[in-house]
Amino acid sequence: MRDILFAFGRALRSLMRRDVFWHLLWPGLVSMAAWGVAAVLLWSPVIGMIMGWVDGWPMVGAWLQTSGPGSTVAQALVQIAVVLALLPLIYVTAALLVAVIALPAMLERVALRDYADLEQRRGGSNLGSVWNALAALLLFVLGLIASLPLWLIPGVGLIMSLLLTAWLNQKAFGYDALMLHADAHELGSLPKARRVPMLMLGGGCAMLAYVPFVNLVAPAFSGLAFVHFMLEALRQERHASGVTVLDPAVNRLPREVK
């Protein structure tokens, strides 16, 4: 738990840097604008499609067709479920932009300032980052679709969203945080060894998606939190293995990124 709190604190500190702050904002803004337009254009067709699907359920459909109040309540629940589903979709779209574009741009600057003693073994790649993010997105969407019937139960949709987003965070950002510094073995073994605290960190970050205004920056903040958590874990792992750390001057920032 202490490592998770340290990761949050260090991520907050990193956000104060000018070369990081812009990458904090733009993924959330782009994602919110895109899904806002989609919601305006597709709201009525989507609600109608879901209500048609619910009407097809055995017994439920017949009851809704003969019960005026029941139909009204069902439509209200569907609309609430769609609104709740938009929040993780906005988050996951922003998280994809962070994982593929923003986080690699921030990673080297943050890591070389705060973890300059870690040797860069480059076990990952930008192509691997894209593939990992797309695979995480696909599994997230499949999980979201599979859980949709549960979203009609008040409260369950929020729990499912938090669980899915926690998994997405640790899957998408865990790779990116390590891709420069870990070797291929560390890139595979360290996330397995830290799976539970990574899910806890991912869950804490997922809650930020439901805080007004904070949700705009939540994906980028989550990415930074995972950078600090995973690189500190890598530092501890190498120290425990007796690996000699580098002189920070070896990994000094290039002049153009200072």
**Asked** With 184, 209, 240 as the choices, which residue is at pLDDT below 90, among the small types (Gly, Ala, Ser) and over 20 Å from residue 97 (Cα atoms)?
**Response** 240
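Might you let me know whether segment 159-175 holds any residue that is touching a Ser or Thr at 6+ places or on another chain (Cβ under 8 Å) and farther than 20 Å from residue 99 by Cβ?
For segment 159-175, residues touching a Ser or Thr at 6+ places or on another chain (Cβ under 8 Å) and farther than 20 Å from residue 99 by Cβ: present.
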**Fill in**
Of 14, 44, the only residue that is modelled with pLDDT of 70 or more and over 30 Å from residue 201 (Cα atoms) is 44
**Message:** Out of everything in segment 104-143 that is part of a helix (DSSP H, G or I) and of a type in the set (Asp, Glu), what residue ends up being surrounded by the most Cβ atoms within 10 Å (Cβ to Cβ)?
**Reply:** 114
**Where residue 111 falls short, out of the listed (1) over 18 Å from residue 234 (Cα atoms); (2) in contact with a His (Cβ under 9 Å, 6 or more places away or on another chain)** = (1)
**Request:** Would you point out which residue out of 226, 213, 221 is surrounded by fewer than 23 Cβ atoms within 10 Å (Cβ to Cβ) and either touching a residue at least 12 places away in the same chain (Cβ under 8 Å) or farther than 29 Å from residue 84 by Cα (or both)?
**Result:** 221
**Fill in**
Going through (1) under 11 Å from the mean Cα position of the chain (by Cα); (2) at pLDDT below 90 one by one, residue 202 fails only at (2)
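The values are calculated or read from the model by the stated rules, or taken from the named source; none is laboratory data. Here the structure is a predicted model, which means the values were calculated and not measured. Cβ coordinates were reconstructed from backbone atoms using ideal geometry, including for glycine residues, and neighbour counts include every protein chain displayed.
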